[in-house]
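Input: a single structure, listed below in structure tokens.
Read the figures in this text as sums done on the coordinates, not as results from a lab. As the structure is a prediction and not an experimental result, all values here were calculated from the model. Cβ atoms come from the backbone with ideal geometry, glycine included; neighbour counts cover every protein chain shown.
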Ligand SMILES: Nc1nc2c(ncn2[C@@H]2O[C@H](COP(=O)(O)OP(=O)(O)OP(=O)(O)O)[C@@H](O)[C@H]2O)c(=O)[nH]1
Ligand SMILES: [Mg+2]
Ligand SMILES: [Zn+2]
């Protein structure tokens, strides 16, 4: 990237921007950027490269947002329209889930993967808290691992108590800009603390009542790693809604549907109720996983 200023934290009002000498400059975004981008709830995201004008008081004013190499969006929440940009300019996005407390949400994983396919972001999956696995949990994780690896995604199983797994994760992060995205309480910040012991970032309890996290991390932040690379820790999100994908294109972002969809009778087939559908045929032949097909139908319904 051709700019030496990068947004490392955003609170909505102020942005922390790292400069060429590693200094951190508290910066503001002039209102004009907000007017231009009504379909986006946050015009600047963590990971963005920007140009700055630095004032006499040492604070910055963002004058330009560099064109993004890629970004991860989700459907805006709280009744707002458009998309929220979770992070920009990344080499790898990891969806983090935990085996228990909270339990794995396969729908979340598939919505995340579809978004990464559509927005050209390399994606991987982390199943954390393997130390909490009971009964059938381990075979379930193995099934998920086989399924998603076959589709071409990297899958890691981790526990902050298992040093070997933390090392493997650390190797995957080295030299890249990566991001952890997932529900609250799955251990995103704990994994980062385990990979980089000096950080001491705040982690939170799990609610005994709901088995979910308590939204401990409140702002996305980009953290430099000792052995090269950056990781963006993000606040836990309840929902990961898919945005801006036309219904007729959704199946392009399911790798296992790309070949079968070539056999559909109608060029604009949505693989739901149409006759002569190659995807439905593949599903009936057992060539497409039932949960993945049901994720497909759920996402299809959510798009307009
Ligand atoms: N048993 C076990 N607990 C873990 C593991 N990783 C994290 N935890 C615990 O899970 C709880 C939540 O961890 P956090 O790191 O705060 O989770 P988070 O995903 O960052 O949550 P938010 O910041 O709210 O999005 C803490 O009590 C951690 O100690 C793990 O591998 N095994
Ligand atoms: Mg956290
Ligand atoms: Zn079809």
Residue with peak Gaussian network fluctuation, the chain [Cα springs, cutoff 10 Å], from 230, 266, 254: 266
Approximate spin-label separation residue 11-residue 290, in nm, with each point projected 7 Å along Cα-to-Cβ: 5.0 nm
Potential lengthening between residue 26 and residue 68 on full extension [0.36 nm per residue; Cα-Cα distance subtracted]: 13.0 nm
Listed peptides 280-290, 153-163 by packing density, highest first (mean Cβ within 10 Å): 153-163, 280-290
For region 71-145 versus region 252-304, the gap between their alpha-carbon centres in whole angstrom: 21 Å
On Cα atoms only, tilt of 106-118 relative to the major axis of the chain in degrees: 70 degrees
Value at 222 nm in deg cm²/dmol, rounded to 500, when DSSP H runs of n ≥ 4 in the chain each add -39,500 (n - 2.57): -7000 deg cm²/dmol
Residue 4 paired with residue 39, simple spin-label distance in nm, labels 7 Å along Cα-to-beta-carbon: 3.6 nm
FRET efficiency, residue 302 to residue 138 (Cβ-Cβ, R0 30 Å, nearest 0.05): 0.40
Relative contact order of region 62-135, defined on C-alpha pairs under 8 angstrom at six or more residues apart (%): 33 percent
Separation in nanometres of the label points that stand 7 Å from Cα toward Cβ, at residue 145 and residue 274: 3.8 nm
Relative contact order (%) - region 5-65, alpha-carbon pairs under 8 angstrom, separation at least six: 34 percent
Rounded to 10°, Cα long-axis angle of helix 137-150 versus longest principal axis of the chain: 90 degrees
Degrees, to the nearest 10: 290-302 long Cα axis against longest axis of the chain: 60 degrees
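Report the relative contact order of the chain, percent, no decimals, based on alpha-carbon pairs under 8 angstrom and at least 6 residues apart.
15 percent
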